[in-house]
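Colleague: I have a structure here, written as structure tokens, and I will follow up with some questions on it.
The values are calculated or read from the model by the stated rules, or taken from the named source; none is laboratory data. Here the structure is a predicted model, which is why all the values come from computation and not from measurement. Cβ placement follows ideal geometry from the backbone for every residue including glycine, while neighbour counts extend to all protein chains displayed.
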């Protein structure tokens, strides 16, 4: 069985494991107060071209989202996100468990717009009963989104401007950030993210690391006492250097971007095949997630050898599905998938 | 100025104040452990024809909603409600502040259906990643709804059945319950509510009391330790008998129903006038809230003498508005409003 | 039976009820946006000689404590209080339910000292692992304390200075504030409280009102969006003018101080009797709570006519007890209690 | 510099890293639904001789504590622990951030007694105002405690019985459990823990793993929906097999016990040396933490080569300190420490 149902089915890029092996006999101080974390933070700040950033390493995405939001918001404040946002649908109410409401905006492609944000914030201000309504204070977007789509630089700039206009924090979830930054149609840089957001994170778990997310904070209101919040929410890893070390590797010699680019190329190849075979691409994007609709008869044959993630029933005979590539996807596996799709389609 | 913008602009029905005066020199035990509360609870249980119910008195609606939900749900569980539900839009994220998500269902008229509930619960069960999604565990509806509409007995029975099928608690917010139970088209009784729900409350604040909501619990899983939760959430009134005493009066000789009926009759009268004048009734109902759309030119004249609640901009020249009647609305005030509407319309 | 077990066994001072009767037919706007609240706030600000204060009216003490603390603290911050503090022992974990730890300081008489506060704050700073420890950020004291004792002006000044030195908010719970301000040995004024604290409240429930606590905030960091927090925590009374009206009466012509003084005088009388009879005064104070130890044989006879609050078992034959006086305690009731104590003691 | 200040300064036991290397190219399902986790859980259940246990793997100790407590308690319920309990003093209020109070019991040696537990629970029941007090519902103890002391089987049985008598959950934090189970004076087995507790955990982070704690639940009231709570609190590791794999190694051929025994032996050696040199052993125990008091003049010389954890100022000239050994402490390092202590003492 070759797995394509998500992008975290393999342990980590060999270079990461090799480095952990290398440093395995060192004695280190705990809780992220170590050379690996400092060094990784320095590399990230250098790539962001901003030395005043505050960089923290956490283990996973949900943990990162809830920690950032708990640190940033006062009790009556809410975070705005797309209706398909990870914090809205796939974190078992983790944000609400910190006490905060997630305000949901309609979105067909996983993205929200500066206009939607302005309308939401303005509607709150305009409402004479606004003290009876949770106050929008943060905008949460993902780059790429849950559907693999990405914001252009122009879109991010507009969103950032809307946030500034209304005093909202801008928080970018970059659980798969590498795939966005390395997409064929990308025009956004790490510097842009550091400039335009109050806080964002660079995902490791889905981009070559065993685990780990690097939080990059530019707004000092969020930075203050951030480590207290990490500890309180259970996110402070005793052997913190495990996180720093992985990001050291990922950001040495551009490995993070290289492996993302590789996965995107394979995804593009799969998209091309699907188009040739006449299958729809559900959301247009150039990142590592491929969404399409396939006949159930095709899927029944395909799934003997290839895993995929079901993404919803379209009708009695068709199912929406997702394929993911990653740094670990072997090109011959991808080719085998494309071949199988072609053959099964021809025979059906 | 005659106020029609909501139904809590007057202190309380004279009989309530009179009774408070009467008992004002008695010494009572605190925290609801007194004769007034016992007596009021007995009356409510008798009206519900169920002696095993647990009745508690709280001060206000938001407090009641958050206390009931905090008492009923485990941390990962969510409450289902209409997109216009009070807990969703008008309580400053009070439910989320207890840690729980509110799952929003689309609704044009403030009501949700048994089918929507079953679909939501079934979708959760069907999702293989359901542990990553807040678990639906309670259904919250209002009787009447935010828009004055009411559930028929048949609808409530269907909803109750859907809840039982999926192991969901059914919670009915009755902040304006009197107006529903006394509506011209009502076929629901207090006994029905006690039978069909796990917990509901009988609103006093908007139906003749100074303040106060009577929570009626039939499900012992919610009853257990409920008073601890009331105290913890700040809802335990030191002089609890003030609440009991008001409900004693409201449920003596049918006062609660009598004053609701009166307010509904005035609302019906206003609806008739609007229809005659050719104005639309936005949501059809027979309770004390009247929703219509009026030309801004009419409103500008009207608002010199009569207050109303703006309910949304329709277009550049029209506004949706709400008028409320209550036990305190004098018939000649209502007649004056109808007359004014007629005259202004004629002259415009 | 004459009740002395607490000071909230009577509805309210007759002047309060009379005024509510007077204004009962007025139409008012909801949620504290009314003339009564404005007028009461103005009176309180005038008495505090500070026009920039922010005054809010809430229904009860636990509600007020949890609302103020939720508004003031970030998630990792804790509030320091005496081990016998109301928030520590008698609010069912209401503060913890807002997510905050209560740091407990030893106290024999219900009071804590500036030195204890400085030591706690300094210990936190000195600890190299302080990010693993909840951060002290607020000091909570009661005036008078749970044991009826009071802080002198000098003590309050020292505490305030310690708080300023360490960046801690000072919050004074004044649920029985009148009794402190009117005690025979008092040298603290409302102006002092407004000057020395970040936030304090003036209790109504136990000092002549039906219910109600007036929160007085001088620190704008706490004021900001305070009404959102009130609403979210269920403390925003729909008919808010009920609160304002009661404080209007209490602060008209010094009623609040007059009735406190009266209750204190009766308590002093009881203390004198106890001393004469050779019973110990457990904590020395001049406010309305009297703590002593009585033989169980005396209590068994006494309790046929007089209620008291048991305060702990001393030994097999003796019990610590509390007697409370209030505005509502009739002087002949107090005299009857003193007489009964004298007679029972003589016969035992 | 040789580090003795804690027991998590090294990455992991070589066998753990070797095994991760071995399985690094396997494709696995996420979130703990994999063969490594199943296999590790089976081994643990076999060692506990109880096949009905529920075993879950989390990343760290604070995360585990807060997740278990959030899963087990209703909002008004509190957890009882020693005043020095990790949840009380070293988790930045993580438990309170889940909404629950930690009730603190005095303890000189880190342990609490069955009698203390019974007294606390009984006092709650006896208090007529118990609804105003957080309800004790869980007992939290550590094995070994923060001070390295351990409960004997007899003590655990008494505590378990007290908990059953009062309907309290018993939760044992075993962050360093290996060191307790392998102590020279131990008479407690994993089976005992499974039998006597409702939930306990087996610490990996401090006993040979990179990270990881294995939660073992016998009470189905806590098991139910436990994975939802893990996810909601940010503790569900995407590549969950990393946790399972580490516990597979630790519980293969008794590695977990072997390395604990080794560390304990070194600690015993250090204790012997200290005693010989006339230094006090602050708390008597046979686990891997050694607490003593040393002259500051000795420490100043010692700390040039050896790290230790300061544990409090004794007087101007003496400091309480902790030394930790672990699986990674080399015997010659320990010998060097003993030699240094001997020499420095001789010369001072």
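Colleague: Condition first: under 19 Å from the mean Cα position of the chain (by Cα), in contact (Cβ under 8 Å) with a residue 24 or more places away in the chain and more than 14 Å from chain D (Cβ to nearest Cβ). Can you find one or more residues in segment A:58-79 that meet it?
Modeller: Yes, that holds for at least one residue.
Colleague: Provide a single number: the residues in segment B:93-127 that are more than 30 Å from residue C:236 (Cα to Cα), out of contact with any strand residue (DSSP E or B) (no Cβ under 8 Å at 6 or more places or on another chain) and within 14 Å of chain A (Cβ to nearest Cβ).
Modeller: Of segment B:93-127, the ones more than 30 Å from residue C:236 (Cα to Cα) are B:113-127.
Keeping just the survivors that are out of contact with any strand residue (DSSP E or B) (no Cβ under 8 Å at 6 or more places or on another chain) gives B:113-115, B:118-119, B:122-123, B:125-127.
Restricting the remaining residues to those that are within 14 Å of chain A (Cβ to nearest Cβ) gives B:119, B:122-123, B:126-127.
The number of residues fulfilling the criteria is 5.
Colleague: Let me ask something else. Please go through segment C:212-233 and give me each residue that is more than 21 Å from the chain's Cα centre (by Cα), in contact (Cβ under 8 Å) with a residue 60 or more places away in the chain and not in a helix (DSSP H, G or I), ordered by number.
Modeller: Of everything in segment C:212-233, just one residue is more than 21 Å from the chain's Cα centre (by Cα), in contact (Cβ under 8 Å) with a residue 60 or more places away in the chain and not in a helix (DSSP H, G or I), namely C:225.
Colleague: Restricting to segment B:46-57, and then to whatever is farther than 16 Å from residue B:237 by Cα and touching a residue at least 24 places away in the same chain (Cβ under 8 Å), can you tell me which residue is farthest from the other protein chains (Cβ to nearest Cβ)? Can you show your working first?
Modeller: Residues of segment B:46-57 farther than 16 Å from residue B:237 by Cα: B:46-54.
Narrowing the set further to residues that are touching a residue at least 24 places away in the same chain (Cβ under 8 Å) leaves B:47-50, B:52-54.
Working: B:47: 24, B:48: 24, B:49: 29, B:50: 24, B:52: 21, B:53: 19, B:54: 14 Å.
Looking at the filtered set, the residue picked out is B:49.
Colleague: Would you mind telling me which numbered condition in (1) crowded, with 19+ Cβ neighbours inside 10 Å; (2) more than 16 Å from residue B:14 (Cβ to Cβ); (3) within 17 Å of the chain's Cα centre (by Cα) residue B:257 fails?
Modeller: (1) is the only condition that residue B:257 fails.
Colleague: Quick test of your reading of the structure: residue A:329 fulfils all but one of (1) touching a helix residue (DSSP H, G or I) at 6+ places or on another chain (Cβ under 6 Å); (2) under 27 Å from residue A:13 (Cβ atoms); (3) without any contact (Cβ under 8 Å) to a residue 40 or more places away in the chain. Name the failing condition by number.
Modeller: Looking at each condition in turn, residue A:329 falls short on (3).
Colleague: State yes or no: is residue D:248 at pLDDT 95 or above, away from every other protein chain (no Cβ under 14 Å) and under 25 Å from residue A:7 (Cα atoms)?
Modeller: Working: at pLDDT 95 or above: yes; away from every other protein chain (no Cβ under 14 Å): yes; under 25 Å from residue A:7 (Cα atoms): yes.
Yes; evaluated as a whole, the condition is true for this residue.
Colleague: Residues that are within 28 Å of residue A:245 (Cα to Cα), at least 3 per element: which strands (runs of 3 or more DSSP E) completely within segment A:50-124 meet that?
Modeller: Values: elements: A:54-58, A:77-82, A:102-105.
So the answer is A:54-58.
To keep it simple, each residue is scored yes or no on (1) part of a helix (DSSP H, G or I); (2) surrounded by fewer than 24 Cβ atoms within 10 Å (Cβ to Cβ); (3) modelled with pLDDT under 95.
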position	(1), (2), (3)
A:147	no, yes, no
A:158	yes, yes, no
A:162	yes, yes, no
A:178	yes, no, no
A:186	no, yes, no
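Colleague: Another question, then. Being away from chain A (no Cβ under 13 Å) and at positive phi: is that true of residue D:83 here?
Modeller: Numbers: away from chain A (no Cβ under 13 Å): yes; at positive phi: no.
Here the answer is no, as residue D:83 does not meet what is asked.
Colleague: Being surrounded by fewer than 24 Cβ atoms within 10 Å (Cβ to Cβ) and on the phi < 0 side of the Ramachandran plot: is that true of residue B:242 here? Can you show your working first?
Modeller: Working: surrounded by fewer than 24 Cβ atoms within 10 Å (Cβ to Cβ): no; on the phi < 0 side of the Ramachandran plot: yes.
Criteria not met by residue B:242.
Colleague: Then there is this: Which of the residues that make up segment B:35-45 are touching a helix residue (DSSP H, G or I) at 6+ places or on another chain (Cβ under 6 Å) and under 16 Å from residue B:59 (Cα atoms)?
Modeller: Initially, segment B:35-45 is screened for residues touching a helix residue (DSSP H, G or I) at 6+ places or on another chain (Cβ under 6 Å), giving B:36-37, B:39-40.
Within segment B:35-45, B:36, B:37, B:40 meet the criteria.
Colleague: If you go through segment D:118-126 one residue at a time, do you hit one that is under 28 Å from residue D:190 (Cβ atoms) and buried (at least 23 other Cβ atoms within 10 Å of the Cβ)?
Modeller: Within segment D:118-126, none of the residues are under 28 Å from residue D:190 (Cβ atoms) and buried (at least 23 other Cβ atoms within 10 Å of the Cβ).
Colleague: Would a scan of segment A:75-82 turn up a residue that is within 20 Å of residue D:66 (Cα to Cα) and in the same structural domain as residue A:33 (by TED's automatic domain parsing)?
Modeller: To start, the set of residues in segment A:75-82 that are within 20 Å of residue D:66 (Cα to Cα) comprises none.
The answer is no; no qualifying residue exists.
Colleague: Within segment B:194-206, is there a residue that is within 14 Å of chain C (Cβ to nearest Cβ) and without any contact (Cβ under 8 Å) to a residue 24 or more places away in the chain?
Modeller: Residues of segment B:194-206 within 14 Å of chain C (Cβ to nearest Cβ): B:201, B:203-206.
Filter once more, keeping what is without any contact (Cβ under 8 Å) to a residue 24 or more places away in the chain: none.
No: segment B:194-206 contains no residue that is within 14 Å of chain C (Cβ to nearest Cβ) and without any contact (Cβ under 8 Å) to a residue 24 or more places away in the chain.
Colleague: Can you report the number of residues in segment B:19-32 which are assigned to a helix (DSSP H, G or I), touching a helix residue (DSSP H, G or I) at 6+ places or on another chain (Cβ under 8 Å) and more than 8 Å from chain C (Cβ to nearest Cβ)?
Modeller: In the first step, residues of segment B:19-32 are kept if they are assigned to a helix (DSSP H, G or I); the result is B:19-22.
If we keep only those that are touching a helix residue (DSSP H, G or I) at 6+ places or on another chain (Cβ under 8 Å) as well, we get B:19-21.
With more than 8 Å from chain C (Cβ to nearest Cβ) added as a condition, the list becomes B:19.
Going through segment B:19-32 one residue at a time, the tally reaches 1.
Rundown of residues vs (1) part of a loop (DSSP other than H, G, I, E, B); (2) closer than 29 Å to residue D:151 by Cβ, yes/no style:
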| residue | (1), (2) |
| --- | --- |
| D:291 | no, yes |
| D:311 | no, yes |
| D:328 | yes, yes |
| D:333 | no, no |
| D:337 | no, yes |
| D:343 | no, no |
| D:348 | yes, no |
